[in-house]
Amino acid sequence: MREFLAFVWAAIVSMWVSIVSWFTPAPIEEIRIPPTQEFVGPVAPRKIFTPEERECLALNIYFEARNQTPSGQLAVAMVVLNRAEDFFWPQNVCDVVKQGSYITGYVARHRCQFSWYCDGLSDIPKEPSTWRYSIELADSAIQSWLNEDDITEGATNYHSDKVAPIWLTDKGMTYVKDIDNHKFYF
């Protein structure tokens, strides 16, 4: 009887592993597009972006703006790049994306610049084709930004047109433009 139960248990575990692996998304390493080079502008480079910064920018596009049009996604990427150059913000794309209130070494839930980073959900892209597109758009955003072709005209802040954040009056922001359902400021 004990052998039979062990056999049944092994069969159940084997089936469960098969079912879970069927619904588990591919690991990010399997869908990551390897960088071909560091990005440097055509004349005098304003900045060199590392492969890690490229990935952070792509993650931000994916989680923060994947429901936007390509222009809206590009605009969100430009805000991150503009912040990384502005003295007020961290000087690295990943640090800009991951900026938040840290308590005991961890980012406090719902206390960060980009909501997806501290919402408590997984930060692993689950849609491979959308993730690939986010990487391509990150590359395009970096090249455009290095060529000083910024769709946001230097914006460092944005918000959905459905909200009126308090920082608009607190920080004395200057309105730049609307892109999709976001308003952009510097």
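The values are calculated or read from the model by the stated rules, or taken from the named source; none is laboratory data. Everything numeric here is computed off the predicted structure, so don't read it as measured data. FYI the Cβ positions are ideal-geometry reconstructions off the backbone, even for glycines, and counts take in every protein chain you see.
Scanning segment 60-111 for residues that are touching a Phe, Trp or Tyr at 6+ places or on another chain (Cβ under 9 Å) and polar (S, T, N, Q), which turns out surrounded by the fewest Cβ atoms within 10 Å (Cβ to Cβ)?
The qualifying residue surrounded by the fewest Cβ atoms within 10 Å (Cβ to Cβ) is 99.
Modelled with pLDDT under 95 and closer than 17 Å to residue 55 by Cα: which single residue out of 117, 106, 175 fits that description?
Details: 106 fails: closer than 17 Å to residue 55 by Cα; 175 fails: closer than 17 Å to residue 55 by Cα.
Only one candidate passes the filter, namely 117.
So the check is Cβ under 9 Å with 6+ separation or different chains; which pairs have a first residue in segment 91-113 that's under 23 Å from residue 77 (Cα atoms) and a second one that's assigned to a strand (DSSP E or B) and among the aromatic types (Phe, Trp, Tyr)?
93/49; 111/102
Just to be sure I understand, how many residues within segment 44-91 are in a loop (DSSP other than H, G, I, E, B), touching a helix residue (DSSP H, G or I) at 6+ places or on another chain (Cβ under 9 Å) and among the aromatic types (Phe, Trp, Tyr)?
Result for segment 44-91: 1.
Regarding residue 84, is this residue modelled with pLDDT of 55 or more, of a type in the set (A, V, I, L, M, F, W, C) and in contact with a Ser or Thr (Cβ under 6 Å, 6 or more places away or on another chain)?
no
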